[in-house]
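See below for the structure under consideration.
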Amino acid sequence: MTTNGAEIDRQPGKLRVGMHWASSCGGCDISLLEIGEHLLELIEVADIVFWPCAADFKYRTVADYPDGYIDVCLFNGGIRSSEHERLARLLRRKSRTLVAYGACAMDGGIPALANLKSPREIYDAVYHSNPTLHNPGHVEPKTQWATPLGELDLPGMYPQVLRLGDIVDVDYQIPGCPPVGAQVWKVLQAVVAGEVPARNSAVRVGCDNRSVCDECPREKRKTRIKAFKRPHMAVPEPNWCLLEQGFVCLGASTRSGCGAQCPKAEMTCRGCYGSAGLSSDQGTAMLSALGSVIDAVTEDRAREVVDEIVDPTGTFYRFSLASSALKARR
Amino acid sequence: MSQGESVQPPAETGTSQAWEPRIIAFLCYWCSYTGADNAGTARLKYPANVDIIRVMCSGRIDPDLIMTAFARGADGVMVCGCHIGDCHYIAGNHKTMARMPLVSRVLQDFGIEPERFVHEWVSAAEGDKFAKLVRQVTEQVCQVGPLDWPRRMYERGVGHGQDLQPWGDRA
């Protein structure tokens, strides 16, 4: 992480930290606990003023805070519903620094894969056609509901998953699904010590500026790929580049900072730290990289080899579909 | 688009005048661009819907350029390079050959019809083939109609989010 020693914009006294989840699994909230005993050090210098996953705060509590009351707000999860958008706008107003925390807030994450389906297809699968369902009345969620006590307004699903940055200005981004504990602690230390990079919505912290391949210890033998394999089909040879062995490893197109944890554990990089390059489109970077390593001299043979990749779109954009050039299916 | 940048609603296409498809053609300098030139000097007629972008080699056409062309409003994209074996840089078009089938598969997952993306080899002597290809691509893009990607994404809230009508809530 590069710093220019910029002080974070904060009020005197203890640092006020908030954390919120939108369209996410909760793993990001847990990743904050991954800093371990450092949490006690954090509590000494910081007060938690909002954290629905871990402590009992109501939305009303936040709405009653004066504007700019929260010094640093870690926002995880993408924007899937009107409730997520309302909270994103509210927390932007109440926070001096808003951080897109984790792959979902930054790039849409796994939930953004639903952008490859239309809302109708999603509703059909979730409420009607799934074989384990029993929904004879064909009930679907509604945004309005009349109760004996009055009309209820409920959050509605948006046509596609958006990033936090599509809705409000974001000061920093921390990539990862979830961000690695050691990196999170480094960022929090920098915040407390007042050594953050200049405020800019495109700045990513808690990661390096290289690709996962740069951190990966596996050996490259400069061989070309003759056939693709899925992880369950073969046991990878240890210490040899997984991509060269034919496993679709996204290390080449993924930003480093995680310490190449997955390739070190004989598992392909899944790409959770987002795009490594200047373009935010991680999938095309991988498409491009694959073109250079496929062993084929005729067009038919090339097509045969790439046809072995099951679901290329879902694989290459696993965590970053909302940040891709096209963003969603038509 | 960088995050947080405010987005203006894109201009409506195809309302004020008859819609004409906009096709971006990436041509390699050594063969296909010269081939297009050949079509010009031979005075072959082809539709003016194609915007040619000259690149040094078809192997340097990053799939990102193709996606970005569609995302910024192109209705069709053509990628042309030297025939296999003719590459000025020996194996640049081998990389194109391996990338393009994957690109068209990914484009179809995004709902972009195969008619909109064409990959073909055109040599410096094939002005006739180039003119014919442009005619054919323009015709098939006309048949599938406007793509209008920027407006589509704007309507779904990319870059602003507000005033979105939640989906669902129907009888």
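Data for the structure
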read-out: Antiparallel %, DSSP beta bridges [both residues in the protein assembly as shown], to 5; value: 25 percent
read-out: Positive-end residue of A:GLY156, B:MET67, A:THR298, charge dipole of the protein assembly as shown with Cβ unit charges; value: A:THR298
read-out: Rounded FRET efficiency, nearest 0.05, which uses the C-beta distance separating A:ALA265 from A:ALA234 and R0 of 22 Å; value: 0.85
read-out: Counting all C-alpha pairs of the protein assembly as shown, share separated by more than 40 Å (%); value: 30 percent
read-out: For region A:105-214, the spread of Cα positions along each principal axis, largest first, Å; value: 56, 40, 23
read-out: Protein accessible surface hidden between A and B, which excludes ligands and nucleic acids, total in Å², probe 1.4 Å; value: 4500 Å²
read-out: Loop-resident sites, region B:115-171, for trypsin sites (Lys or Arg not before Pro), counting at most 12 other Cβ within 10 Å (DSSP); value: B:ARG170
read-out: Chain-alone versus full-assembly comparison, region B:99-114, residues with accessible loss of at least 30 Å² (1.4 Å probe); value: B:ARG99, B:PRO101, B:LEU102, B:ARG105, B:VAL106, B:ASP109, B:PHE110
read-out: Inter-chain shielding of A:319-328 (mean C-beta neighbours from other protein chains, 10 Å cut-off); value: 5
read-out: Cα-based reach from A:LYS58 at 16 Å (exclusive), listing aspartates and glutamates while leaving out same-chain residues under 8 positions away; value: A:GLU83
read-out: Across chain B: Cys residues that no other cysteine approaches within a C-beta distance under 4.7 Å; value: B:CYS28, B:CYS57, B:CYS80, B:CYS87, B:CYS142
read-out: Separation in nanometres of the label points that stand 7 Å from Cα toward Cβ, at B:TYR89 and A:ALA146; value: 6.8 nm
read-out: With every protein chain in place, region A:99-245: carbon and sulfur % of accessible area (1.4 Å); value: 58 percent
read-out: Percent RCO, i.e. relative contact order, over region A:97-187, from Cα pairs under 8 Å lying at least 6 residues apart; value: 50 percent
read-out: Point-charge dipole on Cβ atoms (K/R +1, D/E -1) for chain B, about Cα centre, debye to 20; value: 320 debye
read-out: Low-density loop positions, GluC sites (Glu not before Pro), region A:241-330 - DSSP coil, at most 16 other Cβ in 10 Å; value: A:GLU266, A:GLU308
read-out: Cα-centred dipole magnitude for the protein assembly as shown, charges only on beta-carbon of K, R (+1) and D, E (-1), debye, nearest 20; value: 580 debye
read-out: Estimated inter-spin distance, B:GLN136 and A:ALA182, nm [label 7 Å along Cα→Cβ]; value: 5.6 nm
read-out: Simple spin-label estimate for A:ARG89 and A:ASP67 in nanometres, 7 Å along Cα-Cβ; value: 1.4 nm
read-out: Check: region A:288-330 dipole with +1 on Lys, Arg Cβ and -1 on Asp, Glu Cβ, in debye; value: 460 debye
read-out: Loop trypsin sites (Lys or Arg not before Pro), region A:21-122, which have at most 13 other Cβ atoms in a 10 Å radius of their Cβ (DSSP); value: A:LYS58
read-out: Tensor-based shape of region A:152-306 (alpha-carbon gyration tensor, a/c under 1.5 rounded, otherwise prolate or oblate); value: prolate
read-out: Cα-based equivalent ellipsoid of region A:247-290: semi-axis lengths in Å, sorted from largest, via gyration tensor; value: 17, 12, 6
read-out: Length-normalised contact order for chain B - Cα pairs under 8 Å, 6+ apart - percent; value: 33 percent
read-out: Solvent-accessible area lost in complex, 40 Å² minimum, residues of region A:154-172 relative to chain alone, 1.4 Å; value: A:TYR158, A:PRO159, A:GLN160, A:LEU162, A:ARG163, A:GLY165, A:ASP166
read-out: Accessible area of region B:17-171 belonging to carbon and sulfur atoms, whole % at 1.4 Å probe; value: 48 percent
read-out: Segment A:LEU33-A:ASP295, length gained on full extension (0.36 nm per residue, minus Cα span); value: 89.8 nm
read-out: Shielded by partner chains, region A:270-296 residues - at least 40 Å² of accessible area, 1.4 Å probe, vs chain alone; value: A:THR284, A:LEU287, A:SER288, A:GLY291
read-out: Relative contact order (percent, whole number), chain A, Cα cutoff 8 Å, 6+ residue spacing; value: 19 percent
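The values are calculated or read from the model by the stated rules, or taken from the named source; none is laboratory data. In this text the structure is predicted, and so the values were computed from the model without any measurement. Cβ sites come from the backbone with ideal geometry, for glycine too, and all protein chains shown count toward neighbours. Ligands, DNA and RNA are excluded from the accessible area calculation, which covers all protein heavy atoms including side chains. Shrake-Rupley method; radii C 1.70, N 1.55, O 1.52, S 1.80 Å.
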